[in-house]
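Asker: Below are the structure tokens for one structure; questions will follow.
What follows draws every value from the coordinates through simple rules; no lab data is involved. The model shown is predicted, which means the values in this text are computed figures rather than measured ones. When we count neighbours, we look across all protein chains shown, and the Cβ atoms used for this are built from the backbone with ideal geometry, even at glycine.
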């Protein structure tokens, strides 16, 4: 089904028992974020904060389950949409022969009519009420984490136009509130809005910008989807929901927005104005993204519909609400990748623990040597897949969503150096692990070869026991990949410890290293820590032994003192104690039989100092 408003979607969630409506006061400053984080990590419901100091209820965790994500897209299953896309691509690339084939094509083509937005001359519900003077302080903009630079719009749909072609781009870029009528505009250099900005800059013209919030939830998803430039976000939204999007012109410019949006914020960016420092911000990597300079968005008009709802989200250590948005993108665009980029791909998975850019696991139907490398290069050259730092390629009989099967394939079918492949290229701007910003080394592992017999992980050797007692806090060998936890404050460099262990004979081709403070983390937590802190250029240690090579993967947090870095790294996202206590009390009163502990309690054991930087004192 499709929705005529965000309130309609909320009604649907409430009818399905998927929504908590909170009428007790909850502050937009940290408390909503902490509440939503607990719900996200405990597979909880969406939540509507109706009492927050403004007239606008705040909806959070709306996409925080597979069921709610599918409902937002109007789908019963991802398989259903994959079939629709496959039919569409087949129709476009291979026109059918014969009368029956052409009739079938015409029937399928009816769905394309919904991809044409309807342009209305009316004002639409989104302009029912207009603020006499625009004031962002009247909106319940949230502060997500203690060391954020301020309050942020976290689900804004930012509309910009190409001054040369008139094409509209709808992207999602966080916006930090500076005062009642200005915000930052955090678009990265590869985004559509940033490309438009550069064109306005060359023309020395003021750039009109319109931000919408709410409306049919499919709009929110489409603004995050990595669509080709020639495909409109609202064309894709209409195709998805099988109902055309109705667009209306804004008050101050010719940009059109959905008439069913909840809130419309109009304004401009002056490309000749000095950039302003924005951030830090608790990001989807689970770490703070550091302050940097971005354009300033000046607000000239704020309009909204009657009974408007303010949508927001909080991102951080996975899994959180954005995991389901990312999963939808992976599932919906897999047919496109298989059709036009690498047809031998059977399945692909971007684990949420990798923040969607640190790891891709791909299964292929292999028919010739080197095919895995061909697939790696194809993916690294495909749109936003260029930011993926690590790719593992496995055979078609391996379930890419089964970590043990994937790990076993790597252990038994992948060896250094023959099945390791490296290249340099663009990396995500939020990747703090690489040696240089936005560029670095990528690693591909070909685990499609013949299986080899290996000895199991073994730390019983007396020489290794000596290392464990003196420098290693704990060595875990009951996993597929042996794991070693090190107290980096008192131990030798990880590289040296790895050399000692290999000399003693570990019995495994791979060892993964973590800080000793990570011993309590579960599997998902360890994968997140490793992928967030591993740089293939710096953190892969290879030692020769009688059986071949043993690779050490360094997943520890890196510091100036211990790792020779030239600057501090961002801190891990955890909530402050006062907010945790307030939400504890609040939760116990509302849900006495279903208390959920703050996820920050687990991760506070890893953080060692206050602030948004991890290593101010060069101490770990």
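Asker: With a ≥ b ≥ c taken as the square roots of the eigenvalues of the C-alpha gyration tensor of the stretch 271-314, please select rounded if a/c is under 1.5 and otherwise prolate if a/b is larger than b/c or oblate if it is not? Please list the in-between numbers first.
Answerer: Values: a/c = 5.19, a/b = 1.22, b/c = 4.25.
Judged from the Cα gyration tensor, the stretch 271-314 comes out oblate (a/c at least 1.5, b/c at or above a/b).
Asker: What full-extension length gain, to one decimal in nm, is calculated for residue 25 and residue 112 as 0.36 nm per residue of separation minus the Cα-Cα distance?
Answerer: On the way: separation 87, 0.36 × 87 = 31.32 nm, distance 4.55 nm.
Here the answer is 26.8 nm.
Asker: Can you tell me the 0 to 90 degree angle between the C-alpha axis of helix 371-380 and the longest principal axis of the chain, rounded to 10?
Answerer: The helix 371-380 is inclined about 40 degrees to the chain.
Asker: Here's another thing I want to ask about it. Listing 596, 410, 218 from the residue with the fewest other Cβ atoms within 10 Å to the one with the most, what is the order? Let's see the in-between values first.
Answerer: Values: 596 16, 410 20, 218 25.
By the 10 Å Cβ count, ascending: 596, 410, 218.
Asker: Another question, then. Hey, what did the chain get for relative contact order, percent, Cα under 8 Å, at least 6 apart? If you can, show how the numbers build up before the last one.
Answerer: On the way: 1312 pairs, mean separation 78.5, N = 620.
The normalised contact order for the chain reaches 13 percent.
Asker: What's the extension gain from residue 50 to residue 503 if we count 0.36 nm per residue and subtract their Cα-Cα distance?
Answerer: On the way: separation 453, 0.36 × 453 = 163.08 nm, distance 6.24 nm.
Result for the pair: 156.8 nm of gain on full extension.
Asker: Okay, next question. Starting from the Cα gyration tensor of the stretch 162-314, take the square roots of the eigenvalues, sort them a ≥ b ≥ c, and report rounded, prolate or oblate (rounded when a/c is under 1.5, otherwise prolate if a/b is larger than b/c, else oblate).
Answerer: Details: a/c = 1.38, a/b = 1.24, b/c = 1.11.
Since a/c stays below 1.5, the shape of the stretch 162-314 is classed as rounded.
Asker: Something else: Note the listed values [x] 25.4, 81; [y] 24.3, 77; [z] 35.9, 149, then indicate which one is Rg and Dmax of the Cα atoms in Å calculated from this particular structure.
Answerer: Computed from the coordinates, Rg and Dmax of the Cα atoms in Å corresponds to [x].
Asker: Rounded to the nearest 500, what is the chain's calculated 222 nm mean residue ellipticity when only DSSP H runs of at least 4 contribute -39500 (n - 2.57) each, over all residues?
Answerer: Numbers: 17 runs with 180 residues, N = 620.
Result for the chain, helices only: -8500 deg cm²/dmol.
Asker: With the Cα gyration tensor of the stretch 349-407 giving a ≥ b ≥ c as the square roots of its eigenvalues, does the rule (a/c under 1.5 for rounded; else a/b larger than b/c for prolate; else oblate) give rounded, prolate or oblate?
Answerer: Details: a/c = 2.56, a/b = 1.09, b/c = 2.35.
Judged from the Cα gyration tensor, the stretch 349-407 comes out oblate (a/c at least 1.5, b/c at or above a/b).
Asker: What's the ranking of 361-369, 156-164, 262-270 by average number of surrounding C-beta atoms within 10 Å, highest first? Please report the intermediate quantities before stating the final value.
Answerer: Numbers: 361-369: 17.4, 156-164: 20.9, 262-270: 23.0.
Final packing ranking: 262-270, 156-164, 361-369.
Asker: If you fit an axis through the alpha-carbon atoms of helix 31-41 and take the longest principal axis of the Cα set of the chain, what angle between them do you get, 0 to 90°, nearest 10?
Answerer: In the chain, helix 31-41 runs at an angle near 60 degrees to the longest axis.
Asker: Compute the long axis of helix 322-340 from its Cα atoms, compare it with the longest principal axis of the Cα atoms of the chain, and write down the angle in degrees, 0 to 90, nearest 10.
Answerer: Orientation of helix 322-340: about 90 degrees from the principal axis.
Asker: Counting other beta carbons within 10 Å of each Cβ, put 180, 488, 589 in order, fewest first. Intermediate results must be reported in sequence, preceding the final value.
Answerer: Working: 180 13, 488 24, 589 9.
If I rank by nearby Cβ atoms, fewest first, I get 589, 180, 488.
Asker: Which percentage, to the nearest 5, of the DSSP beta bridges contained in the stretch 6-311 is antiparallel? Can you show the working numbers first?
Answerer: Working: 42 of 52 bridges.
Given both bridge residues lie in the stretch 6-311, the antiparallel proportion sits at roughly 80 percent.
Asker: To check you understand DSSP bridge types, tell me what percent of the beta bridges within the chain (both residues inside) are antiparallel, rounded to 5. Can you show the working numbers first?
Answerer: Details: 66 of 95 bridges.
Expressed as a percentage, antiparallel bridges in the chain total about 70.
Asker: Once the Cβ-Cβ distance between residue 422 and residue 42 is put in as r, and R0 is 35 Å, what FRET efficiency do you end up with, to the nearest 0.05? Each step should come with its number before you reach the end.
Answerer: Values: r = 39 Å, r/R0 = 1.12.
Computed FRET efficiency for residue 422 and residue 42: 0.35.
Asker: Which percentage, to the nearest 5, of the DSSP beta bridges contained in the stretch 341-447 is antiparallel?
Answerer: Working: 12 of 23 bridges.
Antiparallel bridges make up about 50 percent of those DSSP assigns within the stretch 341-447.
Asker: Another question about this same structure. What's the exposure ranking of 59, 526, 565, going from fewest to most Cβ atoms within 10 Å?
Answerer: Values: 59 25, 526 21, 565 15.
Listed from fewest to most nearby Cβ atoms, that is 565, 526, 59.
Asker: Remind me, what semi-axes does the stretch 341-447 give for its equivalent ellipsoid, largest first in whole Å, using sqrt of 5 times each Cα gyration tensor eigenvalue? Before the final figure, lay out the partial values.
Answerer: Values: eigenvalues 93, 41, 37 Å².
Each semi-axis is the square root of five times an eigenvalue, giving 22, 14, 14 Å.
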